1. Would you tally the residues in the range 60-83 being in contact (Cβ under 8 Å) with a residue 60 or more places away in the chain and of a type outside the set (Ser, Thr, Tyr)?
2. Keeping to the range 46-57, report how many residues are in contact (Cβ under 8 Å) with a residue 24 or more places away in the chain and surrounded by fewer than 24 Cβ atoms within 10 Å (Cβ to Cβ).
3. Any idea which of Asn396, Asn416, Asn366 is in contact with a strand residue (DSSP E or B) (Cβ under 9 Å, 6 or more places away or on another chain) and surrounded by 15 or more Cβ atoms within 10 Å (Cβ to Cβ)?
4. One residue is enough: does the range 10-31 have a residue meeting the conditions open to solvent by less than 10 Å² (accessible area, probe 1.4 Å), at pLDDT 90 or above, in a helix (DSSP H, G or I) and closer than 23 Å to Gly314 by Cβ?
5. Just to verify a result, which residue in the range 385-418, among those that are hydrophobic (A, V, I, L, M, F, W, C) and part of a loop (DSSP other than H, G, I, E, B), is modelled with the lowest pLDDT?
6. So Thr403 clears everything in (1) among the β-branched types (Val, Ile, Thr); (2) surrounded by 17 or more Cβ atoms within 10 Å (Cβ to Cβ); (3) touching a strand residue (DSSP E or B) at 6+ places or on another chain (Cβ under 6 Å) except one condition, right? Which one?
7. Output the number of the condition that Tyr109 fails; it satisfies all remaining conditions of (1) open to solvent by less than 10 Å² (accessible area, probe 1.4 Å); (2) modelled with pLDDT under 90; (3) part of a loop (DSSP other than H, G, I, E, B).
8. Could you count how many residues in the range 77-88 are charged (D, E, K, R) and either in a strand (DSSP E or B) or at pLDDT below 90 (or both)?
Amino acid sequence: MKFFLLISLIGFCWAQYDPQTQYGRTAIVHLFEWRWVDIAKECERYLAPKGFGGVQVSPPNENIVVYNPSRPWWERYQPISYKICTRSGNEDEFRDMVTRCNNVGVRIYVDAVINHMCGAGGGAGTSSTCGSYYNANNRDFPSVPYSAWDFNDGKCDGEIYNYNDANQVIDLGGEAIKGSEYFGNGRVTEFKYGAKLGTVIRKWDGEKMSYLKNWGEGWGFVPSDRALVFVDNHDNQRGHGAGGASILTFWDARMYKMAVGFMLAHPYGFTRVMSSYRWTRNFQNGQDVNDWIGPPNNNGVTKEVTINPDTTCGNDWVCEHRWRQIRNMVAFRNVVNGQPFSNWWDNGSNQVAFGRGNRGFIVFNNDDWSLSTTLQTGLPAGTYCDVISGDKIDGNCTGIKVTVGSDGNAHFSISNSAEDPFIAIHAESKL
């Protein structure tokens, strides 16, 4: 059923006891492929004022420059050194971003890719974002330094040949580094460097973790007040798409906003919103290669994220996190933080509603017919502004108003043909 598919997108979030965000901020945004200078600006002008707790950034370490296909998003996941030097910017720009974002209470989460180096298809040379030499076929990465001695024999054949074969995806794929003194030093260098820059390390891209040894060796060098590691595997997530724009290839914008709204309203886990760029369909030899598209660019130079007068993004950037429905649900999550899941209702199909204690309530209509019903919200009596259809501005509401009676009940009407067939109200949207 449709709503089960909607709920499945809760996969954008992950559970973590202490995400180390500033108190009262409960969600972060993945600014996929953004430049460091643009992220610094966005922290100051938008993310901090709107209550976002952090930014997940694309891998900052030097990578192979891929020309066939032309500069795809996944070139960022072909590291050759741990120099902070990519198309997102250099080390000085990275440092400035971290400082400026932290100064306004927005944390930086690094997408750390550190064991993904021996795909033989990478070739050899200095075609890299900082000009460092590498030889993937010989497993030679002197800028780390790694050599063939640092890779598991028989586990580094160069490629994944079948992504439907779990053994290949998890165990092989040509990227398994074994434990060694060099590897330990390289790993410690990366972790120490991330901590020194004031970052929170979000993701160890543990592509082939079954053969990765000495996990604690590197972990032990990370200051506990700075370190936060989440293990992820982007090869296992290929169905989810590279970023928000790719998701919209498969889901219309209405479904996407409902899915993110559900995620942000639900108390489970620590949430991440995807935000990326616009692409067009791209076919080569009759095959859709949309999955290859890299960020908006001019001859390989990533474009600036510009802001339009209506606060949306320009220059081919989508910026889903700036959509009213999504940034208002980030605020909703902050308002209801710590409140219990309550007052669940459903019609046995794809109309559902639930509350968060006495601080918030949300209703979805994902059926092919209208919703019209009275529900117990758990909220105090009063008139509330629906933060999906509008904003509360100077005590007035630019969208739908919802009246909650003295008994906590309110009547909700949502057309199945509405642009956004869901309603959300919370304590701070009370008029």
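The values are calculated or read from the model by the stated rules, or taken from the named source; none is laboratory data. Everything numeric in this text was worked out from a predicted model, so none of it was measured. Reconstructed Cβ throughout: ideal geometry from the backbone, glycine too, with neighbour counts over all protein chains shown. Heavy atoms of the whole protein, side chains included, go into the accessibility calculation; ligands, DNA and RNA do not. Shrake-Rupley method; radii C 1.70, N 1.55, O 1.52, S 1.80 Å.
1. So the answer is 13.
2. Of the residues in that region, 5 qualify.
3. Numbers: Asn396 fails: surrounded by 15 or more Cβ atoms within 10 Å (Cβ to Cβ); Asn416 fails: surrounded by 15 or more Cβ atoms within 10 Å (Cβ to Cβ).
When all the criteria are applied, what remains is Asn366.
4. Within the range 10-31, not a single residue is open to solvent by less than 10 Å² (accessible area, probe 1.4 Å), at pLDDT 90 or above, in a helix (DSSP H, G or I) and closer than 23 Å to Gly314 by Cβ.
5. From the range 385-418, those hydrophobic (A, V, I, L, M, F, W, C) are 385, 387-388, 393, 397, 400, 402, 404, 410, 412, 414, 418; that's our starting set.
Of the ones still in play, those that are also part of a loop (DSSP other than H, G, I, E, B) are 387-388, 400, 418.
On the way: Val387: 98, Ile388: 98, Ile400: 98, Ala418: 94.
The selected residue is Ala418.
6. Failed condition: (2).
7. (3)
8. 1
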